[in-house]
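The block underneath contains the structure these notes are about, expressed in structure tokens.
The values are calculated or read from the model by the stated rules, or taken from the named source; none is laboratory data. None of these values were measured; they are calculated from a predicted model. All Cβ positions, even for glycine, are placed from backbone atoms using ideal geometry, and neighbour counts span all protein chains on display. Accessible surface is based on the protein model in full, side chains and every heavy atom, while ligands, DNA and RNA are left aside. Shrake-Rupley method; radii C 1.70, N 1.55, O 1.52, S 1.80 Å.
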Amino acid sequence: MSRIGNKPVVLPSGATLELVENVIVVKGPKGQLSFKCPQAITVEVKGNEIHLSRNSDEKFIRSIHGTTRALVNNMIIGVSEGFTKVLEIVGTGYRAQLQGDTLVVNGGYSHPINMKLPEGITVVCPSQVEIHISGCDKQVVGEFAAEIRKIRKPEPYLGKGIHYRGEYIRRKEGKKAK
């Protein structure tokens, strides 16, 4: 029994769902997303609720049932509200700025790192040490934020680097003099 997979997904006002040959297309004020649903999962729309059910109890189908429901739920949240990740930059000389559709990050290397923005992503730099990434696709937003963070991961001694807002960085004590 899948507790997550059996929960209905509520479709908010302003978002529409179309089902064409196991392809779910969700449209909303923030954009449009589509997902090819596995053949073993049946999707039913009843009013403003979406019910997902499986036609077999095989192990793989049981495992994909909850995952499919979570993906559909994230699509609906994405097109109606959107997803946002905030990155903070700590360190002397570390900064980021937006130049057209390219994010330029100076992360302590001898050269700046240029990152082209993926389609459907909005990046705002309110200051040189803060990056706001937003979009309707949760996976694309998270993946782009992870790529930026990978430029200079936060180090445990001084805390310098790029980290998510609210992320806990375990600090270590440095060497002690005798």
- request: Only strands (runs of 3 or more DSSP E) wholly contained in the stretch 59-168 count here; list those with 2 or more residues that are within 30 Å of Ser13 (Cα to Cα), open to solvent by 40 Å² or more (accessible area, probe 1.4 Å) and out of contact with any Leu (no Cβ under 9 Å at 6 or more places or on another chain).
  value: 83-90
task: Name the single residue, out of those in the stretch 17-39 being in a loop (DSSP other than H, G, I, E, B) and at pLDDT below 90, that is nearest to Gly135 (Cα to Cα).
output: Asn22
Given (1) free of Cβ contacts under 8 Å to residues at least 40 places away in the same chain; (2) part of a loop (DSSP other than H, G, I, E, B), index of the condition Gly14 fails: (1)
message: Out of everything in the stretch 127-164 that is touching a residue at least 24 places away in the same chain (Cβ under 8 Å) and among the basic types (Lys, Arg), what residue ends up being farthest from Lys85 (Cα to Cα)?
response: Lys160
- prompt: Ala40 fails exactly one of the following numbered conditions: (1) under 22 Å from the mean Cα position of the chain (by Cα); (2) touching a residue at least 24 places away in the same chain (Cβ under 8 Å); (3) more than 28 Å from Lys150 (Cβ to Cβ). What is the number of that condition?
  reply: (1)
task: Could you give me the residue pairs with C-beta distances under 8 Å whose first residue belongs to the stretch 45-63 and is in contact (Cβ under 8 Å) with a residue 12 or more places away in the chain, whose second residue is open to solvent by 100 Å² or more (accessible area, probe 1.4 Å) wherever it lies, and which are 6+ apart or on separate chains?
output: Asn48/Ser13; Arg54/Arg62; Ile61/Asn55
